[in-house]
Amino acid sequence: MGSVVYGNFHDKKQPENEEYLSLQFSPSRLPLKKRWENNGLSADFISEYFKIFYISSEEEPEEANIKEVVLENIRNSVKYVANELLENAMKFQAPTEYPTVAQIFLSLYEKRLVFYITHSITLEQSTLFQQFIEQLLANDPKLLYFEAMRDSAREENAQRSGIGLLSMICDYEAQLGWKFETLQDSPLISVTAMVTLGTGV
Amino acid sequence: MFELHDNKYKIVYDPATASVICEGSLLLNGAPAYEPILQLLKQAAETQEPNKLTVNICALKFMNSSGINMLTKFVMYVSDIKQLKLTLVFQAQQQIAWQDKLCINLQRLLPTLQVHLLN
């Protein structure tokens with residue numbers, strides 16, 4: 001396969017003058033149940049970090065007071081996206097015989113932020129995920145979101161309802177892209193999701 | 001009173017006031033972990049039929065997509081699967097963008113859903 005790219009994806013540039021935050025996990029080292037709580041904690045940390053960065057980048061600090069509600073909504077968006085990406089990386093991971101790492105990387109700009117999250121999945125998981133992405137890109141996401149919600153009650157065992165990704169697009173106006181790459185010396189596929197979130201202010 | 005909680009969230013169904021109050025952060029792992037909350041909501045709706053049930057999410061600080069999924073299942077259960085004759089009201093905070101959007105999305109599934117946005 002080499003590599004395949006979908007949607008709004010650009011390779012990560014190591015920012016020289018930009019601020020970034022990077023967290024790396026070994027999803028297979030702890031049972032999912034124990035790891036799960038860390039998702040919320042990491043997402044909280046990332047969103048608080050962004051909030052402070054965002055406030056300090058404001059030229060008129062007094063305006064920050066008026067924007068408390070706006071800030072809280074931005075912080076929540078960052079937390080939601082970070083948490084969903086981490087949950088997906090934990091849920092859709094390769095079996096433990098191939099120890100892998102998941103990395104979340106956040107580039108901070110004044111008016112937008114870019115998440116990259118990389119983890120490894122099996123060829124089968126990769127095929128299913130690529131089919132889902134192709135469907136997502138070929139259709140109106142708002143319609144897919146409505147259908148996913150409408151059908152949720154009858155599809156008890158659907159592991160990938162897509163509601164998480166669709167809500168990022170429809171409710172948070174996030175732009176999504178993916179890169180799938182074959183790995184050397186491993187049958188696994190590395191998948192990197194790129195999510196661009198405007199701060200809307 | 002029926003209550004579900006852990007150290008991060010609390011869900012209380014009070015039959016006397018016909019309300020379910022949700023507080024805290026819901027970050028549970030997938031549909032199976034949300035099943036008890038879904039069952040509590042279904043039970044509340046069935047008990048209150050044909051009157052009114054209010055679900056108050058004003059004090060809910062955060063919810064992951066599995067939580068959204070659980071609420072959409074609940075709304076579809078009321079509107080489509082059981083077709084309960086009940087007035088369903090969601091109370092949320094107007095200033096919290098995600099609560100507002102969630103209510104709009106639920107209303108698309110159930111147009112008779114009443115949304116009360118509080119300041």
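Which one of these is surrounded by fewer than 21 Cβ atoms within 10 Å (Cβ to Cβ) and over 24 Å from residue B:70 (Cβ atoms): A:144, A:128, A:137, A:113?
A:137
Among the residues of the stretch B:74-97, how many are buried (at least 23 other Cβ atoms within 10 Å of the Cβ) and at the interface with chain A (Cβ under 7 Å from one of its Cβ atoms)?
0
In the stretch A:14-48, what residues are over 16 Å from the mean Cα position of the chain (by Cα) and without any contact (Cβ under 8 Å) to a residue 40 or more places away in the chain? Full working, then the answer.
Of the residues in the stretch A:14-48, the ones over 16 Å from the mean Cα position of the chain (by Cα) are A:14-19, A:26, A:28-35, A:37, A:48.
Result: A:14, A:16, A:17, A:30, A:31, A:33, A:34, A:37, A:48.
Let me spell it out: the conditions are (1) assigned to a strand (DSSP E or B); (2) under 22 Å from residue B:85 (Cβ atoms); (3) without any contact (Cβ under 8 Å) to a residue 12 or more places away in the chain, and residue B:39 meets all of them except one. Which number is the exception?
(1)
Please go through (1) in a helix (DSSP H, G or I); (2) in contact (Cβ under 8 Å) with a residue 40 or more places away in the chain; (3) surrounded by 17 or more Cβ atoms within 10 Å (Cβ to Cβ) for residue B:57 and return the number of the only condition it doesn't satisfy.
With (1) in a helix (DSSP H, G or I); (2) in contact (Cβ under 8 Å) with a residue 40 or more places away in the chain; (3) surrounded by 17 or more Cβ atoms within 10 Å (Cβ to Cβ) applied to residue B:57, the lone miss is (1).
Restricting the first residue to the stretch A:113-127 and requiring it to be over 19 Å from residue A:10 (Cα atoms), which pairs with a second residue that is part of a helix (DSSP H, G or I) meet a Cβ separation below 9 Å and a spacing of at least six or different chains?
A:121/A:129
Within the stretch B:63-73, work out how many residues are more than 7 Å from every other protein chain (Cβ to nearest Cβ), surrounded by fewer than 24 Cβ atoms within 10 Å (Cβ to Cβ) and either over 12 Å from the mean Cα position of the chain (by Cα) or closer than 12 Å to residue B:110 by Cβ (or both).
Residues flagged as more than 7 Å from every other protein chain (Cβ to nearest Cβ), surrounded by fewer than 24 Cβ atoms within 10 Å (Cβ to Cβ) and either over 12 Å from the mean Cα position of the chain (by Cα) or closer than 12 Å to residue B:110 by Cβ (or both) within the stretch B:63-73 amount to 1.
Scan the stretch A:94-111 and tell me whether some residue there is more than 14 Å from chain B (Cβ to nearest Cβ), part of a strand (DSSP E or B), among the basic types (Lys, Arg) and touching a Gly at 6+ places or on another chain (Cβ under 8 Å).
No, the conditions are met nowhere in the stretch A:94-111.
Would you check which residues across the stretch A:165-196 are farther than 19 Å from residue A:128 by Cα and within 13 Å of another protein chain (Cβ to nearest Cβ) and list them?
Result: A:167, A:168, A:169, A:170, A:171, A:172, A:173, A:174.
Can you spot a residue in the stretch B:68-86 that is of a type in the set (Ser, Thr, Tyr), touching a Ser or Thr at 6+ places or on another chain (Cβ under 6 Å) and part of a strand (DSSP E or B)?
No.
Say we look at the stretch B:105-119 and pick out the residues that are surrounded by fewer than 14 Cβ atoms within 10 Å (Cβ to Cβ) and outside any loop (DSSP other than H, G, I, E, B); which of these is farthest from the other protein chains (Cβ to nearest Cβ)?
The residue in question is B:116.
Pairs only if they're at least six apart or on different chains, beta carbon under 7 angstrom, first in the stretch B:3-30 and over 22 Å from residue A:163 (Cα atoms) and away from every other protein chain (no Cβ under 14 Å), second buried (at least 18 other Cβ atoms within 10 Å of the Cβ) and among the hydroxyl-bearing types (Ser, Thr, Tyr); list them, first residue then second.
B:18/B:54; B:19/B:54; B:20/B:13; B:23/B:9
Here's a check for you: in the stretch A:10-42, which residue that is hydroxyl-bearing (Ser, Thr, Tyr) and modelled with pLDDT of 75 or more is farthest from residue A:95 (Cα to Cα)?
Going through the qualifying residues, I end up with A:20.
The values are calculated or read from the model by the stated rules, or taken from the named source; none is laboratory data. Keep in mind the model is a prediction, meaning the values are calculated, not measured. Counting neighbours? That spans all protein chains shown, and the Cβs are built from the backbone with ideal geometry, glycine included.
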